[in-house]
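Taking it in order: structure first as structure tokens, then the write-up.
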Amino acid sequence: MVTLSSVLAVSAVALGMVLTPGPNMMYLVSRSITQGRRAGIVSLAGVALGFLIYLTATNLGLSVLFAAVPQLYLGIKLAGAAYLGWLAFQVLRPGGTSVFEARPLDPDPAGRLFLMGLFTNLLNPKAAVMYLSLIPQFVRPDAGHVMVQGFVLGGVQLAVSMAVNLAIVLAAGTIAVFLARRPAWLRAQRYLMGTVLGVMAVKLATDRVRPVPA
């Protein structure tokens with residue numbers, strides 16, 4: 001029902017999105033470095049629930065609303081592009097920091113870690129852009145039930161995102177120490193990620209593709 005080309009395209013988009021610094025990555029890295037891997041994994045579980053909420057809401061009809069009200073879709077898309085542009089500026093501006101430069105965080109219990117991961121993702125414009133603007137573009141009405149395709153492709157995105165974020169959580173401390181000892185590498189990582197964010201912001205703002213109704 002879901003074409004291989006759609007799966008590969010969503011995987012590529014999901015990989016590009018998860019590898020760019022944003023609220024989720026910054027929170028997970030800082031939490032893992034300051035409170036340990038277990039705290040990072042618990043926080044990641046909250047992030048995963050946030051993705052599931054977005055995925056369910058989108059496939060229950062938000063794409064229909066955006067197709068019916070193009071101005072609303074355009075507003076969401078431009079807001080997402082502006083957010084990515086702002087992230088690019090924050091990374092590239094003089095004095096900007098890398099995602100692997102940990103922010104000090106106070107230790108929190110597991111329940112609070114889970115909820116913070118959840119709300120960090122729910123309030124993350126990048127997650128909204130992913131489910132409301134990007135994934136629906138790979139749904140093909142002629143390939144079968146649109147809602148089923150949406151859940152399958154969303155599941156692909158979720159799997160890619162969770163695998164990469166888990167690897168980051170487990171390796172955050174090691175990566176942070178490695179980059180801290182190599183300032184030139186840290187700057188290169190920051191400039192590369194900032195450039196990727198800027199390119200994605202421009203692409204999203206200039207993309208004229210409209211979402212596919214569910």
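Evaluation of Ile53 against the conditions (1) modelled with pLDDT of 75 or more; (2) within 23 Å of Gln149 (Cα to Cα); (3) open to solvent by less than 70 Å² (accessible area, probe 1.4 Å) shows that the sole unmet condition is (3). Just the residues that are in contact with a Ser or Thr (Cβ under 8 Å, 6 or more places away or on another chain) and open to solvent by 30 Å² or more (accessible area, probe 1.4 Å), please, taken from the range 1-44. Pro23, the sole residue that qualifies.
Taken over the range 57-68, the criterion of being open to solvent by 60 Å² or more (accessible area, probe 1.4 Å) and at pLDDT 70 or above is satisfied by Leu60, Ala68.
Could you run through the range 186-214 and say how many residues are at pLDDT below 70 and over 30 Å from Gly150 (Cβ atoms)? Explain how you work it out, then say what you get.
Filtering the range 186-214 for residues at pLDDT below 70 gives 186, 189-190, 193, 197, 200, 204, 207-214.
Those still in the list that are over 30 Å from Gly150 (Cβ atoms) too: 186, 189-190.
Matching residues across the range 186-214 total 3.
Every residue, every condition in (1) in contact with a Phe, Trp or Tyr (Cβ under 7 Å, 6 or more places away or on another chain); (2) under 27 Å from Gly194 (Cβ atoms); (3) not in a helix (DSSP H, G or I), yes or no:
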residue: Val13; (1), (2), (3): no, yes, no
residue: Thr20; (1), (2), (3): no, yes, yes
residue: Val29; (1), (2), (3): yes, yes, no
residue: Val47; (1), (2), (3): no, yes, no
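The set of residues from the range 18-40 being under 21 Å from Leu123 (Cβ atoms), of a type in the set (A, V, I, L, M) and touching a helix residue (DSSP H, G or I) at 6+ places or on another chain (Cβ under 6 Å) comprises Val18, Leu28, Val29, Ala39. If the condition is being out of contact with any Ser or Thr (no Cβ under 9 Å at 6 or more places or on another chain), closer than 10 Å to Val2 by Cβ and surrounded by 21 or more Cβ atoms within 10 Å (Cβ to Cβ), then the range 123-162 contributes no residue at all.
Given the conditions (1) among the small types (Gly, Ala, Ser); (2) surrounded by 14 or more Cβ atoms within 10 Å (Cβ to Cβ); (3) modelled with pLDDT under 75, report the number of the one that Ala48 does not fulfil. Condition (3) is where Ala48 drops out. When the range 14-30 is filtered for residues that are under 14 Å from Ala167 (Cα atoms), among the aliphatic types (A, V, I, L, M) and at pLDDT 80 or above, the ones remaining, listed by number, are Leu15, Val18, Met25, Leu28, Val29.
The values are calculated or read from the model by the stated rules, or taken from the named source; none is laboratory data. What you see is a predicted model; the values in this text were computed from it and never measured. Here the Cβ is made from the backbone with ideal geometry for all residues, glycine too, and neighbour counts use every protein chain on show. The protein model used for the area step is the full one, side chains on, heavy atoms only, and it has no ligands, DNA or RNA in it. Shrake-Rupley method; radii C 1.70, N 1.55, O 1.52, S 1.80 Å.
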